[in-house]
Each structure stands twice: as structure tokens, then as C-alpha cells.
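The values are calculated or read from the model by the stated rules, or taken from the named source; none is laboratory data. It should be emphasised that the depicted structure is a prediction, and the values quoted were computed from it without experimental measurement. Every residue, glycine as well, gets a Cβ built from its backbone with ideal geometry; the counts of neighbours run over all protein chains shown. The accessibility values were calculated without ligands, DNA or RNA, using every heavy atom of the protein model including side chains. Shrake-Rupley method; radii C 1.70, N 1.55, O 1.52, S 1.80 Å.
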Amino acid sequence: MRAVDTIKNIWKIEDLRNRILVTLLLITVYRFLSVITIPGIDPSALTALRDQTSGGLMGLLDMFSGGAFSNASIVALGIMPYISASIVIQLLSIAIPHFQKLQREGESGRRKINQYTRYLTLAILLLQAPTYLINLNVQMRAVGGAVPTGMWFTISSTVILAAGSMFVLWLGERITDKGIGNGISFIIMVGILARLPQSLFQEFYSRISEASGGLVMFIIEILLLLAVIAGAILLVQGTRRIPVQYAKQMIGNKQYGGARQYIPLKVNAANVMPIIFAQAIMFIPVALIGYGSGDPDSWMARIFGPLTDIYGFWYNFINAVLIILFTYFYTAITINPKQMAEDLKRNNGFIPGVKPGKKTAEYIDEIMSRITLPGSFFLALVAIMPAFAHFFGIQPEFASFFGGTSLLILVGVVLDTLQQVESHLLMRHYDGLLKSGRIKGRQGNAY
């Protein structure tokens, strides 16, 4: 069988085999740490915390941490503080000249930006860790337990949580350097997949427990999930290619240029960033209700309460609108048509039928606007798909796999990983993973 031959070929390549084994080892370490509870916390008293993270926005945090958040683990804060810091630094790179200069300095500038990102990550952790401990104390008191009191416990637990998240970041970097690559994204993917078996079993059990037709409905759900995954793959890989012609040049007795190439413009150039931005804003109502003493009858709860139900109409409507707006915003700040036009002109390239310079920049901007519109609507649809799944009676834990950030991260990381594995195979003159064509990752088309 072709699959067996492919696995044998992968195992024959020593470098690829070692990278896969290193990745598995580091992921095992991460999963082991996710069940080690903070010293002084009784694991049996975490039922209220697990109930709090069984759904809603808190459930998303727990999903990205692979259950470490609800386990009060030493790595409970996971990799999300680093992602928040990366977003902030990326936005600063647009607004502050110093960061713009660092981006143009190549490898040395990238290292400096990574250093700033780590410093900001640590600052975020030192703020989030005490907040996590306060919430943990509230949830444990609800079931008759309590978090140890005293300044020493708060300081030591804050240090442990911050160190745990920084260690997870280090694991991600080692997976990128020594493993299969995409370390940070790979850790998030593993955390998401960790909840899939239990969610799938719960959905299967709930369906077969029905009087009749439960198994048929379960099969239909699986088929719908596969259809959504196929749509997410199209969203991740979709591009519009712009033909580019390079002018012929005579250098000595040889002729250079004249070949036609293509500029791939992604339909979803922003990837999952609009969803992350939108969800960050949707956390604001939760914070406002918390500031209002958490009383369900308070005026804040009555006003902002509907915005905290991730399966409710207003949450999904506002979330979809924000995703569409942020898709345009993020695409505009990451794709620079003027710079692309200048690079083409500098390399004696031009788009057939379009004048170089300003006209080329306007043409690329127009194309980007046209393909971003359907891409943003499709991205918003994928983001709110769990609400539709829940509406049709699918269990909340399993419904979360029908869309949103989790599905796009899974699809993107899997495609990137398969693309890297295929590159190793083709470089050693083995057959790729597919009989025809090349696997396309999130970074663009493979030609």
C-alpha cells in the first residue's frame, strides 16, 4: 500500500525520523506537565473550575491549553500570553518607527523583536497569574475548598505559572529548531486535539442513547464535519494568481528575463488573526460583568449577558461583524500593494496591461479588495459554525470542532506539517505524500 511505503520512506530518512521523534518527546513532556497541579491545590476540589471551563469563552481558553487551565496545572496559562504579546508587537511594528526599522534589519532585527516579545510575554504573565489565582480561589470556594492564603503562596504560584508558560514557549522553540517545525502552533494543535477523543465519544454515546436514528445522525454529523474541514482547507489554501512578466535584458552575449511568473495573493491573507482579535474583544463583556460583582441580576449582567453566550444570536452576530472588519484591517496592514509594485519595478517586472508604479499598486489593491470580501465572509461563517452545530443538537464540546479558531489552526498546522514532511521526502528523491501535485501550506502555494 502507498501509505505503508510512505511511512517506510519517512523512517528511512534519518534526519526526518529524528525530528519526528524529538517532536513526540517534547509533546509528551508538555502533556505530562499539563496534569501537574500547582503546589497547595487539591485536585479533587477543581470541579467548579472544570464546570466554568466546560463551555463559553472560558472553554476556549481551556481548549487552547489542552485542559491545563481547568486542571490548575503549572502550565495553566499555556502559550496564549505569548500570542497576545506577538499581536501587540506586530501592531507596534506598524505604528512605531523603531520597530519598523528593526523589521528591515533582517535576522538581527528579528532576534531583537523576539526578545521584546519575550519580555512583554513575561509582563503579561505576571499580570495574568494573580488574576488566575483569584478566579481559582472563587471557584474552589464554591465547592467548599479554598486556595492557600498568604503572600508567599501568591508570589510562589505566580512564579510557577510564569515559569511554566515560558517553559512551554521554550518547548515550542525546540520543536521549531529540532523537531518538525511550527512549534508554537503545534503545541496549540496538540492541546486542541487532546479534547477531541472525549468529545467524540460523548457525542457518539449521546446519539446511540436516543430511541431511534441516533447512529444515522452521528454519521451525518461526521460527514458535515468533513465538509466543514474541506471548506476550511479551501479557505487556508485559496489564492488568486496575478501574472507577472519580466523584461528581457542583454548582459554580454546572454539574454536574461522574459519569463512569466505569478504573484499568489491569498484569499484569506489574515489567517486566524481576525478571529483572535474578535474573540479578545468579546471577552470585554465578561470582564464588565465581573466588575459588576458577578451578580446575574445586576444591570451589567442584564445588558452584557447576551454577549457572553457563545451560542447566542448577538454574540455570533457581533463576532461575525468584527471578524469581517478585522479581516480587512489586518490584510491592509500586512499586504502593501505600493511596496509590491516598487519591488516589481525594481526587478524589471510588470503586470501585462498595467502600467508600472502607481497603476500597478492600484491594480493589486483592487484585486486584494475583491478577494478579501468573500474571504472575510467565509472566515466569519467558519467562526460561527459551532453555534449552528449546537443549534442542531450537537454537544457543546464536539460542536467547537465544527469551526472557529480551533478548526483553522488544526487545518493550517496539519497542512504545514505535511508540507514539511513532503519536502524532506522529495529532497531525498522519494515520492511525496500525494500521487499528483504538491501539498500547499498556509504560507502560499507550492509550485
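Brief remarks on what is shown
- ARG240 meets each of the listed conditions (1) within 24 Å of the chain's Cα centre (by Cα); (2) modelled with pLDDT of 85 or more; (3) open to solvent by 30 Å² or more (accessible area, probe 1.4 Å) apart from (2).
- Criterion (crowded, with 18+ Cβ neighbours inside 10 Å and either in a helix (DSSP H, G or I) or under 18 Å from the mean Cα position of the chain (by Cα) (or both)) met by exactly one of GLU422, GLU362: GLU422
- The set of residues in the stretch 63-86 being at pLDDT 80 or above and outside any loop (DSSP other than H, G, I, E, B) consists of SER73, MET80, PRO81, TYR82, ILE83, SER84, ALA85, SER86.
- Residues located in the stretch 61-76, provided they are in contact with a Gly (Cβ under 7 Å, 6 or more places away or on another chain) and surrounded by fewer than 24 Cβ atoms within 10 Å (Cβ to Cβ): PHE64, ILE74
- When ARG31, ARG104 are checked against the criterion of being closer than 17 Å to SER185 by Cβ and more than 17 Å from the chain's Cα centre (by Cα), ARG31 stands alone in meeting it.
- Number of the condition not met by VAL354 [criteria: (1) in contact (Cβ under 8 Å) with a residue 60 or more places away in the chain; (2) open to solvent by 10 Å² or more (accessible area, probe 1.4 Å)]: (1)
- Looking across the stretch 154-173, the residues that are open to solvent by 60 Å² or more (accessible area, probe 1.4 Å) and either under 19 Å from ALA68 (Cβ atoms) or not in a helix (DSSP H, G or I) (or both) come down to VAL159, PHE167, TRP170.
- Test: residue in the stretch 138-147 that is part of a helix (DSSP H, G or I) and in contact (Cβ under 8 Å) with a residue 12 or more places away in the chain: yes
- Residue in the stretch 95-109 that is surrounded by 19 or more Cβ atoms within 10 Å (Cβ to Cβ) and either at pLDDT 85 or above or within 29 Å of LEU415 (Cα to Cα) (or both) present: no
- The stretch 28-43 - residue that is in contact (Cβ under 8 Å) with a residue 12 or more places away in the chain and open to solvent by 60 Å² or more (accessible area, probe 1.4 Å) and, of those, farthest from TYR132 (Cα to Cα): ARG31
- Checklist (1) in contact (Cβ under 8 Å) with a residue 24 or more places away in the chain; (2) surrounded by fewer than 21 Cβ atoms within 10 Å (Cβ to Cβ); (3) assigned to a helix (DSSP H, G or I); (4) not aliphatic (A, V, I, L, M) applied to TYR119, failing item: (1)
- Residue within the stretch 372-382 that is more than 20 Å from ASP309 (Cα to Cα), among the β-branched types (Val, Ile, Thr) and in a helix (DSSP H, G or I) present: yes
- Residue match in the stretch 5-17 (condition: surrounded by 19 or more Cβ atoms within 10 Å (Cβ to Cβ), at pLDDT 85 or above and either of a type outside the set (Val, Ile, Thr) or within 27 Å of the chain's Cα centre (by Cα) (or both)): no
- Residue count for the stretch 333-350 satisfying the condition of being under 23 Å from ALA270 (Cβ atoms), in contact with a Gly (Cβ under 7 Å, 6 or more places away or on another chain) and either aromatic (Phe, Trp, Tyr) or open to solvent by 80 Å² or more (accessible area, probe 1.4 Å) (or both): 0.
- You will find that of ALA332, ALA320, the residue that is in contact (Cβ under 8 Å) with a residue 24 or more places away in the chain, on the phi < 0 side of the Ramachandran plot and hydrophobic (A, V, I, L, M, F, W, C) is ALA320 and no other.
- Selection from the stretch 343-382 of residues that are among the small types (Gly, Ala, Ser) and modelled with pLDDT under 85: GLY349, GLY353, GLY357
- Residue match in the stretch 304-311 (condition: modelled with pLDDT of 80 or more, surrounded by 15 or more Cβ atoms within 10 Å (Cβ to Cβ) and not hydrophobic (A, V, I, L, M, F, W, C)): no
- If you filter the stretch 374-388 down to residues that are under 17 Å from the mean Cα position of the chain (by Cα), under 18 Å from ALA227 (Cβ atoms) and of a type outside the set (A, V, I, L, M), you find that the one that is surrounded by the most Cβ atoms within 10 Å (Cβ to Cβ) is PRO386.
- Selected residue (criterion: least open to solvent (accessible area, probe 1.4 Å)) from residues of the stretch 174-225 that are more than 22 Å from ILE384 (Cβ to Cβ) and charged (D, E, K, R): ARG207
- For the stretch 389-401, filtered to residues that are open to solvent by 30 Å² or more (accessible area, probe 1.4 Å) and outside any helix (DSSP H, G or I), the residue that is farthest from ARG207 (Cα to Cα) is PHE392.
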